[in-house]
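Here is the structure we will look at, set down as C-alpha cells.
The values are calculated or read from the model by the stated rules, or taken from the named source; none is laboratory data. Quantities reported herein were computed from a predicted structural model and do not represent experimental measurements. FYI the Cβ positions are ideal-geometry reconstructions off the backbone, even for glycines, and counts take in every protein chain you see. Side chains are part of the model used for accessible areas, which takes the heavy atoms of the whole protein and leaves out ligands, DNA and RNA. Shrake-Rupley method; radii C 1.70, N 1.55, O 1.52, S 1.80 Å.
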Amino acid sequence: MEEVPAAPNEGISLSALRSQFSVNGEEGPKYGFDGNRYHYGDGTSVASQNSTQILTGYDTLDVGPNYDFYANTNAQGRVRRSRPSLFQLHSNIEVSLKHLETNTGRAPGDSSEDDVEEPQSEPTRFGWVKGVMIRCMLNIWGVILYLRLPWITAQAGIGLTWVIILLSSCITGITGLSTSAIATNGRVKGGGTYFLISRSLGPELGGSIGLIFAFANAVAVAMHTVGFAETVQALMEVMDPINDIRIIGVITVTCLLAISLAGMEWEAKVFLFFFVILVSFANYIVGTIIPATPQKQAKGFFSYQADIFAENFVPGWRGPEGNFFGMFSIFFPSATGILAGANISGDLKDPTVAIPRGTLMAIFWTTLSYLIIAATIGACMVRDASGVMNDTLAVSSADSCQGLACQYGWDFTNCITNRTCTYGLSNQYQSMSLVSGFAPLITAGIFGATLSSALACLVSAPKVFQCLCKDNLYPVIGFFGKGNGKNDEPIRGYVLAYIIAVCFVLIAELNTIAPIISNFFLCSYALINFSCFHASITNSPGWRPSFRFYSKWMSLLGAVVSVIIMFLLTWWAALIAIGIVIFLLGYVLYKRPSVNWGSSVQAGSYNMALSYCVSLNQVDDHIKNYRPQCLVLTGPPSCRPALVDFVGTFTKNLSLMICGNVVTVSYHLESSRCFYPSDLHHVIWLNKRQIKSFYHGVVANDLRTGVKMLLQGAGLGRIRPNVLLTGFKRDWRKDKPSCIDNYIGILHDAFDLQYGVCVLRMREGLDMFRQAQTHGEEPDNHEDFIYFVLVIVDPDAMVTEPQPQPSTVFQSQQGKKTIDVYWLFDDGGLTLLLPYLLTRKKRWARCKVRVFVRGITYLCSLIDLNPPHRMTKLTQVRGITDLCSLIDLNPPHPMTKLTQVRGKTDLCSLIDLNPPHPMTKLTQVRGITDLCSLIDRTMPVGRRGQCPSALYMAWLETLSRDLRPPVLLVRGNQENVLTFYCQ
C-alpha cells in the first residue's frame, strides 16, 4: 500500500488514531436531521442550523450535561443516549457529518420517530416505609422476640441482656451506616447485600458472601418456621413435640412458598401482620400494668415489683448454654433483619433514599422495643414458679421458704430445690403470653412475627442468589438465575430455598439453628463494614456517597468486632464460614471471570502500585538486585508469539516485560482517517496466553523514531526497560539500504541509551501471520524484528475478533538438552545471566548450560588454578555446568579441538578470521547442536559511522544462519550484571 503524504506542517494527529467508541463499549449516539437542526433520536437538539445553510468550522455538536449520558441502563420509553464522541467534535465537519449518517443508518433528513420504544409496564415498587422500614422491623421482630427474649433475660439478667441487645444493635447499626453509604454511592439494582459487596469489593469476596448470605437467609426461614411450629405445638399440647414441630414446619414452609410464588403483590399484603404485632405489643404493655390474678401469681407473675427487678437485674446462668456468648449467639439472629429492605433493592422506587432511611429507623425502633420488653418482663416475673395454686406460703414454713415469691405469699421451694419448676422466666418460653392482658393476641403476634420474618427471608434468599447466578461467577448455579414475570421472579431459586429450609426444619430445635446462622450473618456484616472502610481508605474519586453520617474507622471497628464475636460464639462454625469464603475466593481468583465493576480492590491495587513505584526512587541500584527488564519489539504480540513466549519465560514473576508496537503512518486528515487498535485488544491476548507483560504502542512518522519513543518513554521511574529484544531482520539482502540503516540505527540508539541488546533468530522465522491484523492492505515486506504497517481504514469496519493462540517451541518441555553459551566478549555478564534465568523455569530446568570462551588465555582467567580445589569461578554462577575453550589449532583447516575442563570432550567447527577486526567468526556448529535447545552468543558491536550497516548485518548473519536451535545474540551494556561477592 502506498502511504498518503501528510499535509505541510500538519504532523501527526494522535487524536485521529483513537477509537470513536465509548469506554464501556456502547455504540455511539444516534442523530437525525429534520431540516432545521441535527438532533438525537428522541428529539433533543444537538446543534441548530438553518436548512439553507451548512455547518461551518465554527459550529459545534456539543450538548449540555444530561443524566442519560452517565446512566448505564436505558430510560423507560426511549433508547439510551450518549454524548458526541471527541472525534465527531474535533474532526473535519464533513467527516463528522459522514459519521452522523453512518451511526444513524439513514440520511440526515429521515425521521427518528422509530427510535422511540414502546413504554413497558412498570413493575410493583415500594417506598422507604413499606419497602424497607416495615420489612426490616418485621424481620427483626421474629421468633426470638416472643419465645427467647424472656428466657435470655432470666439467664443473663436485665443488665447483661441490655448489653447483649446494645452490642447487637451497635454491630447492626454500624453495618446499617456502612450499607447506607454504599447504597447511596450509586444506583443500586437487585441483589441486595451481594450487589453492594460485589460492586464495592469485587467479585472475589462479593461472590463468596453472596452465597453465604443467601444460604443464611434460607436457614433463617427454617428458624422462624420452627418458632411458629413450636407455638402451635404448645397450643395443641401433644405428647410428641419434636415430630409435631417437623410436620407443622414443613406444612408452613410449603404455604410460604406458595405465597412467594404468587408474586410481590400478594407478598406485600402480609404487611398487615405488622399491625397485628403492634397490637400484641400494646396488649403486652397493658398486661404488665394490670394487677396479677392468683392464677398468674402461681405461675410467677406479680406485676411491677422493685425487688423482682433487682433480683432479675443480675445473671442467673443455668444449663450448658448459661454464659454471655451462649445467650448472644441465640439472640443475635433477631437483629439480622436489617438487610431485608436492601435485599429487594431492585423492587424499591428509590433505593438510595429508601435503604438508609428505612434501615436506620428500623434499627432504632426495634432496639427500643427490645430494651423495653427485657426491662418490663424482668420487673414483673420471677425466674421459677410451680404453677400450682396450692403452693401458697404457710405460716409454719415461712422461715424455710426460698425465692422472691415468699414475699408475695407463695412458696415454690420444692420445685426450686428439685429443679422441677415448669413456669417462670427460666422455665417457660411462652412468658409473654402469661404477662399479656389477652393471651391470644400474643399468639397472633407470634404468628405474625414468625411468618412475616420467614416470608421475608424466603423472598430475600432467592433474589440475592439470582443476582449471583446472573453474574456467572460460579459454574452450574446459572440454572437458578432464570426469572419469570414482569418482576423477574426467581422461581427456581424459591424452590432451592424451600429445599434448604425444609432440611433445617427437620432439626426442630430453635436453640440449635440460631447459632448456626449467627456466624454467617456476622461474616456478611463484617464484609459489608470492610467494604465501606476499604472504599473510603483508597480515596477513589468514584467513592462519593450522598449519605455522610458514617465513619470509615467505625466501619473497620464493626468488621473487626464481627469477626471476633464469630469465634467467641462458635469457633468451629466461624472456621467453616471463613473456610467457605476462602475456598470461593480462591476459585474466583483462579478462574478470573471477565467482569469489571470498578471495585475498591482495584483502587487499592492502584494506590499500592503507585506507592511502591515512588518508594523505589529512594533505593539505589545494586548489582545483586539487577533484573533484565525487557522492551520487546513484537509489534502486535499475536503476530510474534515465539518472541513473546521466549522473553516471557525468563521474565515471568521476575522482571518487567513490555511488548512494544510501532505504527508508522502518514495521511491527509480530510481524505482519510487512520485507526489505531486499542491496547486492550492486545492485553487480552497476552492475558489469555498467561504472559505477564505490559503493552505499549506508539504512532510515529517512521520506524526508528517510534522505537526511540519507546526506548525513552517506556516504563515508570525505576521500573523501566534496560534490555531491548528484537527479531532478526531476515530480508536484509533484499530490502532497501535505508531500511537496513534504520534497523542498525535502532541498535545504535539502544546502545546510546545504555540498553543491553538481544536479537532472536529462528530458522522458521518469528512472524506467524503473513497478513496484517487489519482490513487494510498488507505491507510490501514482512520483517521479524517489528510490526511495520500503514493502516487507512474505516474504524466502523474494524473487527476485533479474538486472535488465535498458536503453540511455539518455547511452550514445550526442553528435556535434557543443552544451552550453549558462546561468551566471546565480556559484556558485563548478560550473556551468562539470561541462560541461567531460563534454567530456573520448569520447562528449562533439566537443560545443561555449556559455556564456550575464546582461547586458553580467557579460559585460564576463569579457572581457579589452586590444585586442591580446581573449581571454576563460573560455578559461582549457579547453573553453569561445563566450561570449554575454542582454540584454532590448524588455521588452514576449519577444525578445532574443544578443550574439556569439566564433562566430556566435544568437537565443533571454527574458522578464525582475524584480519583487521578482532572478531572470531563462527560458522555452523552442527556437531554439538543436535541436542541443543538454545544457542546464546555474544553479539559484536559495530562502531557508529565506521562500520557499514550491510557489513554489520553480514556479521550477525554469519553468527546465526542455518542453525537448527534458536539463536540469541546478546550484548550487555558493558556494566556488571553479575557479582561473586556478598556486599
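Scan region 617-655 residue by residue and report those that are free of Cβ contacts under 8 Å to residues at least 60 places away in the same chain and closer than 14 Å to Arg689 by Cα. Passing the criteria: Pro637, Val644, Gly648. Would you say Phe567 is free of Cβ contacts under 8 Å to residues at least 40 places away in the same chain, over 20 Å from Gly202 (Cβ atoms) and touching a helix residue (DSSP H, G or I) at 6+ places or on another chain (Cβ under 7 Å)? The answer is yes for Phe567. Only residues that are among the charged types (D, E, K, R) and either assigned to a loop (DSSP other than H, G, I, E, B) or surrounded by 19 or more Cβ atoms within 10 Å (Cβ to Cβ) (or both) were counted in region 543-566, giving 2. Residues satisfying the criterion are present in region 291-303 (criterion: more than 23 Å from Ser334 (Cβ to Cβ), hydroxyl-bearing (Ser, Thr, Tyr) and at pLDDT 85 or above). One residue stands out among those in region 567-606 that are assigned to a loop (DSSP other than H, G, I, E, B) and surrounded by 17 or more Cβ atoms within 10 Å (Cβ to Cβ): the one that is modelled with the highest pLDDT, which is Thr570. So for region 468-481 (the condition being touching a Pro at 6+ places or on another chain (Cβ under 9 Å), more than 30 Å from Gly586 (Cβ to Cβ), aromatic (Phe, Trp, Tyr) and buried (at least 17 other Cβ atoms within 10 Å of the Cβ)), does at least one residue qualify? Looking for residues that are touching a Pro at 6+ places or on another chain (Cβ under 9 Å), more than 30 Å from Gly586 (Cβ to Cβ), aromatic (Phe, Trp, Tyr) and buried (at least 17 other Cβ atoms within 10 Å of the Cβ), one finds none in region 468-481, hence no.
Scanning region 482-499 for residues that are surrounded by fewer than 18 Cβ atoms within 10 Å (Cβ to Cβ) and of a type in the set (A, V, I, L, M, F, W, C) turns up Ile491, Val495, Ile499.
Within region 803-849, the set of residues being of a type in the set (Lys, Arg) and more than 32 Å from the chain's Cα centre (by Cα) comprises Lys816, Lys817, Arg846, Lys848.
Out of (1) open to solvent by less than 50 Å² (accessible area, probe 1.4 Å); (2) out of contact with any Ser or Thr (no Cβ under 7 Å at 6 or more places or on another chain), what's the single condition that is false for Leu339? Among (1) open to solvent by less than 50 Å² (accessible area, probe 1.4 Å); (2) out of contact with any Ser or Thr (no Cβ under 7 Å at 6 or more places or on another chain), the lone unmet condition for Leu339 is (2).
Here Val464 fits the description: under 27 Å from the mean Cα position of the chain (by Cα) and within 30 Å of Phe228 (Cβ to Cβ). For region 609-616, state whether one or more residues are part of a helix (DSSP H, G or I), touching a residue at least 60 places away in the same chain (Cβ under 8 Å), more than 29 Å from Lys708 (Cβ to Cβ) and open to solvent by 60 Å² or more (accessible area, probe 1.4 Å). Within region 609-616, not a single residue is part of a helix (DSSP H, G or I), touching a residue at least 60 places away in the same chain (Cβ under 8 Å), more than 29 Å from Lys708 (Cβ to Cβ) and open to solvent by 60 Å² or more (accessible area, probe 1.4 Å). Checking Cys401 against (1) over 30 Å from Ala340 (Cα atoms); (2) open to solvent by 70 Å² or more (accessible area, probe 1.4 Å); (3) out of contact with any strand residue (DSSP E or B) (no Cβ under 8 Å at 6 or more places or on another chain), only one condition comes out false. Which one? Checking Cys401 against (1) over 30 Å from Ala340 (Cα atoms); (2) open to solvent by 70 Å² or more (accessible area, probe 1.4 Å); (3) out of contact with any strand residue (DSSP E or B) (no Cβ under 8 Å at 6 or more places or on another chain), the one that fails is (2). Ala508 meets each of the listed conditions (1) open to solvent by 10 Å² or more (accessible area, probe 1.4 Å); (2) touching a residue at least 12 places away in the same chain (Cβ under 8 Å) apart from (1).
Tell me which residues, restricted to region 810-836, are outside any loop (DSSP other than H, G, I, E, B) and open to solvent by less than 10 Å² (accessible area, probe 1.4 Å). Answer for region 810-836, where residues must be outside any loop (DSSP other than H, G, I, E, B) and open to solvent by less than 10 Å² (accessible area, probe 1.4 Å): Phe810, Ile819, Asp820, Val821, Tyr822, Leu830, Thr831, Leu832, Leu834, Pro835.
Quick grid of which residues meet (1) at pLDDT 85 or above; (2) under 17 Å from Pro965 (Cα atoms):
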| residue | (1), (2) |
| --- | --- |
| Pro802 | no, no |
| Pro806 | no, no |
| Leu824 | yes, no |
| Gly828 | yes, no |
| Trp844 | yes, yes |
| Val853 | no, no |
| Thr857 | no, no |
| Cys860 | no, no |
| Pro867 | no, no |
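Could you check, for region 939-948, whether at least one of its residues is at pLDDT 90 or above, in a loop (DSSP other than H, G, I, E, B) and within 48 Å of the chain's Cα centre (by Cα)? Looking through region 939-948, at least one residue is at pLDDT 90 or above, in a loop (DSSP other than H, G, I, E, B) and within 48 Å of the chain's Cα centre (by Cα).
A quick yes/no check of all residues on (1) at pLDDT below 85; (2) open to solvent by 50 Å² or more (accessible area, probe 1.4 Å); (3) in contact with a strand residue (DSSP E or B) (Cβ under 8 Å, 6 or more places away or on another chain); (4) under 22 Å from Trp317 (Cβ atoms):
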| position | (1), (2), (3), (4) |
| --- | --- |
| Thr392 | yes, yes, yes, no |
| Ala405 | yes, no, yes, yes |
| Phe412 | yes, no, yes, yes |
| Leu425 | no, no, yes, yes |
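The test for being open to solvent by 40 Å² or more (accessible area, probe 1.4 Å), among the hydroxyl-bearing types (Ser, Thr, Tyr), within 28 Å of Gly493 (Cα to Cα) and modelled with pLDDT of 85 or more holds for Thr254. Sort through Asp240, Asp244 and tell me the only one that's of a type in the set (Asp, Glu), modelled with pLDDT of 85 or more and surrounded by fewer than 23 Cβ atoms within 10 Å (Cβ to Cβ). Criteria check complete, one pass: Asp244.
If you check Leu710, Leu724 for being open to solvent by less than 60 Å² (accessible area, probe 1.4 Å), in a strand (DSSP E or B) and not charged (D, E, K, R), only one passes: Leu724.
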